[in-house]
Amino acid sequence: MSLRFDELRTANANRGLEWCGKKTGIEDMEFCAIELGGESGEALDAVKKYLRFLNGWKGGVEQEQAVDAIAKELADVVICADRLAESLGIDLGDAVKRKFNITSDRYSLSVKL
């Protein structure tokens, strides 16, 4: 099951209304940026615990549990990135496509969105 950015934006907006009683706007940009940083840190922490396991170090998390945790944290990163983008009026789908293609052009790669 895949998800389109426009579906995420609609769901994020509706949940924001339910959660905070208002739509995300420019006044929420700082909070959304901090939230994104926090979730990125949690994703990195999950990767760190998996690397501990792979290296045989104490405090590691086995593959199945680690990959599940990483997937959940990466999902939070995407959700928060969309909230930050919404606060700034950025269409995240368009931004991702544009940036992907810029990188392909920069390195003379044929794959584009």
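The values are calculated or read from the model by the stated rules, or taken from the named source; none is laboratory data. If you're wondering where the values come from, they're calculated on a predicted model, not measured in any experiment. With ideal geometry, Cβ positions are generated from the backbone for all residues, glycine too; neighbour counts draw on all protein chains shown.
Given the condition closer than 21 Å to ALA11 by Cα and not in a loop (DSSP other than H, G, I, E, B), answer yes or no: does some residue in segment 47-65 qualify?
Checked against the condition, which is being closer than 21 Å to ALA11 by Cα and not in a loop (DSSP other than H, G, I, E, B), segment 47-65 yields no hits at all.
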Self-check item: Some residue of segment 72-80 being small (Gly, Ala, Ser) and over 19 Å from THR10 (Cβ atoms)
Solution: no
Of (1) surrounded by 14 or more Cβ atoms within 10 Å (Cβ to Cβ); (2) more than 12 Å from the chain's Cα centre (by Cα); (3) free of Cβ contacts under 8 Å to residues at least 60 places away in the same chain, ASP91 fails just (3)
Within segment 5-36, residues over 14 Å from ALA85 (Cα atoms) and either in a loop (DSSP other than H, G, I, E, B) or within 11 Å of the chain's Cα centre (by Cα) (or both) come out as GLY21, LYS22
Flagged in segment 24-43 as touching a residue at least 40 places away in the same chain (Cβ under 8 Å) and in contact with an Asp or Glu (Cβ under 6 Å, 6 or more places away or on another chain), in numbering order, are THR24, GLU39
In the set LEU36, LEU109, LEU51, the lone residue that is surrounded by 14 or more Cβ atoms within 10 Å (Cβ to Cβ) and modelled with pLDDT of 95 or more is LEU36
Flagged pairs (Cβ under 7 angstrom, 6 or more apart or on separate chains; first in segment 6-23, within 19 Å of ALA95 (Cα to Cα); second among the basic types (Lys, Arg) and in a loop (DSSP other than H, G, I, E, B)) are ALA13/LYS23
Per the filter on segment 41-77, residues more than 29 Å from PHE5 (Cβ to Cβ) and of a type in the set (Val, Ile, Thr) are VAL61
